[in-house]
Amino acid sequence: MNSLNVADIKNDETFKASLYIDDKFFLMNDGIPFSSRLKSTLLEWNFKTILIDNEAQIAKAAAAKPVDLKSFETVSIDDVMNDTPSEEKESAKNAVALQNNKEINETIASYLEKLRKIEESDMDTKQMLVKKVYDAFMKYITKIYTRFVTHRELKIGLISEAVQNFCDFIAENKKYMLRIQPQLDEKDNKNFIISHSIRSTIFAIVIGQTLKLQRTKLVELGVAALLHEIGQIKLPPQLYITNKKLLPGEKKLLEKHTIYGVQILKENNFPTSIQFGIFEHHERENGKGYPRRIDGTKISLYGKILSVVCSYEAISAPRQYKDAKSTHEAIIEMLRNEDKQYDDTIIKILVQNVSLFPIGGYVCLSNGKIGQVVDANKFDPRTPIVQILGEKNEAGFPVTIQTDNERMKITRVLTPEETAEALKNAAGRA
């Protein structure tokens, strides 16, 4: 292969051979115009050179080889288990996708309006309504994955529209959205990819908003987070739904989900920047990730963010092969950043938003009271806002306090068993 300087390529120039980002990542087939948009995207993401395969016949043969999907029809989504591909007309297919988007967009708009009318002190009501939007968006993600499995289609315009509305909702209700915790029964849930995707999307959007990304880039980041595990659909479910340790060969096969994810997005005309984010979400700053083993100087911003949120979510959520660590243990592990796997700035922004004692977790205070962390303190992640369990003020709303490092200090995090007991006791006193 020979290298080409991206800056020197003319707009809409065509080539007689296939183009590659590097020796592993296919960019485009021969004969396709090299658009100005693609050029600007590559330069924006610091890809100054690309490769051209002058052995055109070999390139065509490689590009034409289809991915064998027939062996991987099973997907970890219950709705799909008994479904079969449909032969709907294109108009009918579009109608279903449009209806799915109409439903989620109307749901978000409706609850956003309701939440704006509720007093900020009525935190329990706000939390209940935000949870409804969270559940609705999970169902929407399930429909996206189901739609791809049954019809092999992903519509970037519709997905971007829904993610944009979700970004707006999170901007106004961040602390309530972050308060929602993974359920312990998710360990045996075949839909864990969906719950992993929504939580990763929320964390990614929050980080993007803190970085003050342009609106279009924030939506791209959200779409990349929502779909970053889509490539797993092309893998046998026993690779990611198992309580056994994977063999070396199985690990290698599982690692291909990033490549499959890019193939899926490329086939559905997603922007290159989103493809890069999905392709790189398992790359590491120290160059020991996969699939390309590139270091932090070559990883895109979306890749860096997805690397952090995907890992944090995976550590703190239950899986069949492991018990979940507390969110506090997960954030400590991320802060340690052993072997410098992650971007330090992205980790700091995550901590700034969820706190050292992450939102949603239950803690014991130095005065002996138990509370739930409900918001971060942007000035000191060690001292978040805590809602005292079972206490209400004169207006009947939950009591919240600002913790500190002296008189009202967090002494420890409650275990899941202690949390369940505390909630049971609080319910008994209500």
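The values are calculated or read from the model by the stated rules, or taken from the named source; none is laboratory data. These numbers come from a predicted model, not from an experiment. For neighbour counting, all protein chains shown are included, and Cβ atoms are generated from backbone atoms with ideal geometry for every residue, glycine included. The area values use the complete protein model at the heavy-atom level, side chains included, leaving out ligands, DNA and RNA. Shrake-Rupley method; radii C 1.70, N 1.55, O 1.52, S 1.80 Å.
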In region 311-430, if every C-alpha pair distance is counted and binned at 5 Å from zero, what percent goes to each bin? 2, 11, 19, 21, 19, 14, 8, 4, 2, 0, 0
Carbon and sulfur %, accessible surface of region 256-382 computed with the full protein complex present, 1.4 Å: 48 percent
Keeping every protein chain in place, order R179, R407, R215, R152 by accessible area at 1.4 Å, biggest value first, i.e. largest first. R407, R215, R152, R179
Out of region 230-260, which trypsin sites (Lys or Arg not before Pro) are coil in DSSP terms and have no more than 10 other C-beta atoms within 10 Å? K244, K245
Within region 370-404, which trypsin sites (Lys or Arg not before Pro) sit in a loop by DSSP and count at most 15 neighbouring Cβ atoms inside 10 Å? K378, R382
What is the P(r) of region 252-394, as percent of Cα-Cα pairs per 10 Å bin from 0? 11, 32, 30, 17, 8, 2
Restricting to DSSP loop positions (anything but H, G, I, E, B) with no more than 12 other Cβ atoms inside 10 Å of their own Cβ, which chymotrypsin sites (Phe, Trp or Tyr not before Pro) remain in region 237-345? none
Which whole-number percent gives the relative contact order of region 237-375, counting Cα pairs below 8 Å spaced six or more residues apart? 17 percent
Kirkwood hydrodynamic radius, region 131-288, all distinct C-alpha pairs: what's the number in Å? 16.4 Å
May I ask for the percentage of alpha-carbon pairs in region 144-235 that lie more than 20 Å from each other? 39 percent
